[in-house]
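See structure below.
The values are calculated or read from the model by the stated rules, or taken from the named source; none is laboratory data. Source: prediction; values computed, not measured. Counting neighbours? That spans all protein chains shown, and the Cβs are built from the backbone with ideal geometry, glycine included.
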Amino acid sequence: MTSLNTPLAQEMAALIASEGPLSLDRFMALALGHPRHGYYMTRDPFGAGGDFITAPEISQIFGELLGLALAITWQNMGAPEGVVVAELGPGRGTLMSDALRAAKAIPAFAETLEPHFVETSPVLMRAQAARLAADGRDAQWHATIDSLPEDRPLLIVANEFFDALPVRQFQRAGNHWHERLVGLDPAGGLSIGLAQEPAGNIPFGAAEGAIFETSPLSLDIMRRLGERLVQQGGAMIAIDYGHAKSGFGDTLQAVKAHRFVPVLTDPGEVDITAHVDFAMLAIAAQRGGAVAHPLLTQATLLDRLGIHHRAEILKRKAENPAEIDRAVARLAGTDEAAMGQLFKALAITAPGMTPPPGFEQPDPRLS
Ligand code: SAH
């Protein structure tokens, strides 16, 4: 049993008592985004003293390489006057800051671009504003992708954004799928059970007990971004922890202070994510009319964008060159457990465009 340790757990229990069990996507949306108690709404979770660390926080090279990749994409588009560089879920603003610094290598791009952020957390918005102000730059913020400008091409980046978007799960029980819901156990704690009403017949080979997971919000955002890229021109690079092929399984996970913890314990106090299903994301973008280029591992993308060359240059001036080697090994390592292998990069473009740099060839590591 799970006791109701946090104010949000108590609020959820009251909600379940009055309205019935919560779908997992509702649970996850509340756990991360509840206006008062949501995990991202109340804290900056990154770094050694926080709960987890992300690629842009590991090394400045990550954002620099993505900034250069966007600059080259812009050149390949014919260097249009006016372009929106939009980041989804920008955390501390580190990636954008590093990308904008690197983009100065192509001054016409640096001058014409306008940075935009899609962010829901007031704490992180303040961190992003401070970060860009330190660089002498301003930005514009949006609560959703809907208010991004419609009159110019879009260059979009998203790192560890889609894994924070809510998922629903369905489990095979007999001849039907039943949605997995968060209800109350006899002792009053939060627990996962199956909806009594079936959600649909089993259309394809799933074993008894198999779990089908889907993120309707992610797919909706991706389809609408695909439509935007068709209408406005532009490209998107999305990087996340996830799998290249769709499959069955429960990938919901919670992390606190760099350790896994149970998903239902302490909602609002732990980070909750799910692996990204890149095959479904690519299909969603294609439904919007955009082109999805072959998926890459993060290691392959960073190799092709020149991470090792950039690291050598930084090491010449570095006080602690071994630290740079460690960061590169983390980001672009190809061991089974390294970020370079677990994280994947998806590029989406308007039809007829040259793919962003790095995405011209499929990834032999994913064949
Ligand atoms: N990209 C950053 C942060 C990743 S954490 C990095 O790599 O360090 C996830 C980010 O997505 C946070 O900034 C969080 O506040 C934001 N986020 C979570 N749910 C969101 C939503 N529904 N809409 C917009 N931003 C969201």
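Some points to look at:
- Test: residue in the range 118-131 that is crowded, with 22+ Cβ neighbours inside 10 Å, assigned to a helix (DSSP H, G or I) and at negative phi: yes
- Single condition Ala17 does not satisfy, out of (1) hydrophobic (A, V, I, L, M, F, W, C); (2) modelled with pLDDT under 95; (3) surrounded by fewer than 16 Cβ atoms within 10 Å (Cβ to Cβ): (2)
Table: residues versus (1) modelled with pLDDT of 95 or more; (2) surrounded by 15 or more Cβ atoms within 10 Å (Cβ to Cβ); (3) more than 16 Å from the ligand (Cβ to nearest atom).
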{"site": "Glu160", "(1), (2), (3)": "yes, yes, no"}
{"site": "Ala164", "(1), (2), (3)": "yes, yes, no"}
{"site": "His176", "(1), (2), (3)": "no, yes, yes"}
{"site": "Leu190", "(1), (2), (3)": "yes, yes, yes"}
{"site": "Ser215", "(1), (2), (3)": "yes, yes, no"}
{"site": "Ser218", "(1), (2), (3)": "yes, yes, no"}
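- In the set (1) in contact with an Asp or Glu (Cβ under 7 Å, 6 or more places away or on another chain); (2) within 17 Å of Asp138 (Cβ to Cβ), Gln60 fails one condition alone, (2).
- Matching helices (runs of 4 or more DSSP H) fully within the range 1-90 where at least 1 residues are of a type in the set (Lys, Arg): 24-33
- Total residues in the range 317-367, condition among the basic types (Lys, Arg), more than 23 Å from the chain's Cα centre (by Cα) and at pLDDT 95 or above: 1
- Filtered by the rule that a residue be outside any helix (DSSP H, G or I) and within 18 Å of Asn159 (Cβ to Cβ), the range 335-348 gives Ala338, Phe343, Lys344, Ala345, Leu346, Ala347, Ile348.
- Evaluation of Ser59 against (1) farther than 22 Å from Ile348 by Cβ; (2) within 13 Å of the ligand (Cβ to nearest atom); (3) surrounded by fewer than 23 Cβ atoms within 10 Å (Cβ to Cβ); (4) among the hydroxyl-bearing types (Ser, Thr, Tyr) (one fails), failing number: (3)
- In the range 138-152, the residues that are touching a Pro at 6+ places or on another chain (Cβ under 9 Å) and either in contact (Cβ under 8 Å) with a residue 60 or more places away in the chain or crowded, with 17+ Cβ neighbours inside 10 Å (or both): Ala139, Arg152
- Counting only residues that are in contact with a Phe, Trp or Tyr (Cβ under 8 Å, 6 or more places away or on another chain), within 15 Å of the ligand (Cβ to nearest atom) and under 19 Å from Leu301 (Cα atoms), the range 71-116 holds 4 of them.
- The range 226-239 - residue that is farther than 22 Å from Thr297 by Cα and of a type in the set (A, V, I, L, M) and, of those, farthest from the ligand (Cβ to nearest atom): Val230
- Within the range 20-39, considering residues that are more than 12 Å from the ligand (Cβ to nearest atom) and touching a strand residue (DSSP E or B) at 6+ places or on another chain (Cβ under 6 Å), the one farthest from Ala195 (Cα to Cα): Phe27
- The range 1-48: number of residues that are over 13 Å from Ser121 (Cα atoms), under 19 Å from the mean Cα position of the chain (by Cα) and not hydrophobic (A, V, I, L, M, F, W, C): 3
- Taking the criterion of being within 9 Å of the ligand (Cβ to nearest atom) and closer than 22 Å to Glu227 by Cβ, the residues of the range 121-146 that qualify are His142, Ala143, Thr144, Ile145.
Let's see how each residue does on (1) free of Cβ contacts under 8 Å to residues at least 12 places away in the same chain; (2) touching a helix residue (DSSP H, G or I) at 6+ places or on another chain (Cβ under 6 Å):
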position	(1), (2)
Ala99	no, yes
Lys104	yes, yes
Leu113	no, no
Ala129	no, no
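- Any chance Leu155 is more than 11 Å from the ligand (Cβ to nearest atom), buried (at least 22 other Cβ atoms within 10 Å of the Cβ) and either at pLDDT 95 or above or outside any helix (DSSP H, G or I) (or both): yes
- Extreme residue, nearest to Ala69 (Cα to Cα), among residues of the range 307-324 that are surrounded by 10 or more Cβ atoms within 10 Å (Cβ to Cβ) and aliphatic (A, V, I, L, M): Ile307
- Only residues that are closer than 18 Å to Leu229 by Cα and not in a helix (DSSP H, G or I) were counted across the range 275-301, and they come to 7.
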